[in-house]
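Each value in this text was obtained by applying a stated rule to the coordinates, not by laboratory testing. Just so it is clear, the structure is predicted and the values come from calculations on it, not from any experiment. Cβ coordinates were reconstructed from backbone atoms using ideal geometry, including for glycine residues, and neighbour counts include every protein chain displayed.
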């Protein structure tokens, strides 16, 4: 990691077997941040293989355990380098632009699910009680919501987006998150009231766990079509639908056990 100059910060053990969280230091170059995420994945998988192990970034490698996510922290700087999400008077609730950005992310979140969960396994991560947001929610220093505003110094005011799986393409993930922020700022949108307390207990799941539905929502979303480009979106949707068609041709052992002799 040092040789590749990867901006590693911290690592901690998470709750699932063999599960770890690694934090990359923030920077002002979005493409460099995506590059670092991809290089880190390749590095971890290569080192594990050299020691006779396998490292995976599947969203849901264990059916009964918490899945693997990608949490993205985003702040926005103006031309002078000032964080526009920070309130001028130091208010911990942030600026009006922070609220507009949150509103845009929440509005485009359902249509972004095909990017957050790009394959069949990714949708298995969205299950109750396993620390994954299942509705477009937000709040302050609340780890049960989809969009969290962490506490900390006013100058470091930022958004933490907590929905995508660890298998998400970081370049596409950042593209749709930035599109959501731009959508909220351009439309001066207003978010719903922030959630206090346990969002899982207060807000019913509404983000789709259907791969087919997620692709349809993305296809119908004009802001994301514009952000990703018509040509790219056409190829992406065709590729994902072809993979889904192949997955539907596979009959699992569970289905054989449940239905072969009982229907």
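Just a few scattered comments:
- Chain lengthening between residue 39 and residue 65 when straightened (0.36 nm per residue, less Cα-Cα): 6.7 nm
- Segment 1-55 - convex hull of alpha carbons, volume per residue in Å³: 88
- Using a cutoff of 8 angstrom between alpha carbon atoms and counting only pairs six or more residues apart, the relative contact order for segment 66-259 works out to 28 percent.
- Answer label, with semi-axes √(5λ) of the Cα gyration tensor in Å calculated from the coordinates and candidates [x] 52, 19, 15; [y] 31, 23, 19; [z] 37, 24, 14: [y]
- Our summary gives segment 159-263 a relative contact order of 27 percent, counting only alpha carbon pairs under 8 angstrom and 6 or more residues apart.
- Residue order, fewest to most surrounding Cβ atoms within 10 angstrom, among 262, 73, 161: 262, 73, 161
- As a rough footprinting exposure proxy, the listed residues 137, 23, 10 were ranked by other beta carbons within 10 Å of their own, and the order from fewest upward is 10, 23, 137.
- Extension gain, residue 243-residue 93: 0.36 nm per intervening residue step, less the Cα-Cα distance, totals 49.7 nm.
- Ascending count of other beta-carbon atoms within 10 Å, so fewest first, for 15, 34, 212: 15, 212, 34
- Packing-based ranking of 59-72, 163-176, 103-116, 234-247 yields 103-116, 163-176, 59-72, 234-247, ordered from highest to lowest mean Cβ neighbour count within 10 Å.
- Here r is the Cβ-Cβ distance between residue 151 and residue 201 and R0 is 30 Å; the resulting FRET efficiency, rounded to 0.05, is 0.85.
- Take the Cα of residue 4, step 7 Å toward its Cβ, do the same at residue 80, and the gap between the two points is 3.9 nm.
- Residue 19-residue 212 FRET efficiency (beta carbon distance; Förster radius 35 Å; 0.05 resolution): 0.75
- Our note on the geometry: Cα centres of segment 56-92 and segment 116-136, 17 Å apart.
- Label-to-label distance, nm, for residues given as residue 131 and residue 51 (7 Å Cα→Cβ offset): 2.1
- Efficiency of FRET between residue 58 and residue 30 - r from beta-carbon atoms, R0 41 angstrom, step 0.05: 0.95
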